[in-house]
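The numbers here are math on the coordinates, done by the rules we state, and not lab data. Small disclaimer: the values here were computed from a predicted structure and weren't measured. When we count neighbours, we look across all protein chains shown, and the Cβ atoms used for this are built from the backbone with ideal geometry, even at glycine.
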Amino acid sequence: MNSFDVIKTVRVTEKGTLQGDLYNQYTVVADPHANKHEISRAVEELFKVKVLRVNTMNVIGKARRQHTRHAGKAPDWKKAIVTLKKGDKISLT
């Protein structure tokens with residue numbers, strides 16, 4: 001799998017920003033079929049940083065209704081929290 005296929009995007013939230021400042025951790029949206037080794041390798045290749053640890057979780061999409069009787073569902077996705085070596089940083093600008 002290509003690195004650009006493994007890492008979809010970096011999530012920017014208030015909690016994620018605080019984790020980046022305090023613990024040097026960043027949240028990325030990964031391919032649901034990617035494992036921790038593939039995610040680690042992709043982050044190191046794309047952002048030129050050293051990854052210490054990867055924690056993953058599968059996020060289940062919420063049930064939605066949009067002006068109809070029939071319920072829909074937001075897509076499922078995989079969240080990966082990547083811990084970087086001290087001094088490394090992912091530039092989000």
Which ones in the stretch 45-67 are of a type in the set (A, V, I, L, M) and in contact (Cβ under 8 Å) with a residue 12 or more places away in the chain?
46, 49, 51, 52, 54, 57, 59, 60
In the stretch 68-80, which residue that is surrounded by 11 or more Cβ atoms within 10 Å (Cβ to Cβ) and either free of Cβ contacts under 8 Å to residues at least 12 places away in the same chain or of a type in the set (Phe, Trp, Tyr) (or both) is nearest to residue 2 (Cα to Cα)?
77
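One line per residue, one yes/no per condition, for (1) surrounded by 15 or more Cβ atoms within 10 Å (Cβ to Cβ); (2) assigned to a loop (DSSP other than H, G, I, E, B); (3) in contact (Cβ under 8 Å) with a residue 60 or more places away in the chain:
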position: 22; (1), (2), (3): no, no, no
position: 26; (1), (2), (3): yes, no, yes
position: 40; (1), (2), (3): yes, no, no
position: 43; (1), (2), (3): yes, no, no
position: 82; (1), (2), (3): yes, no, no
position: 89; (1), (2), (3): no, yes, yes
position: 93; (1), (2), (3): no, yes, no
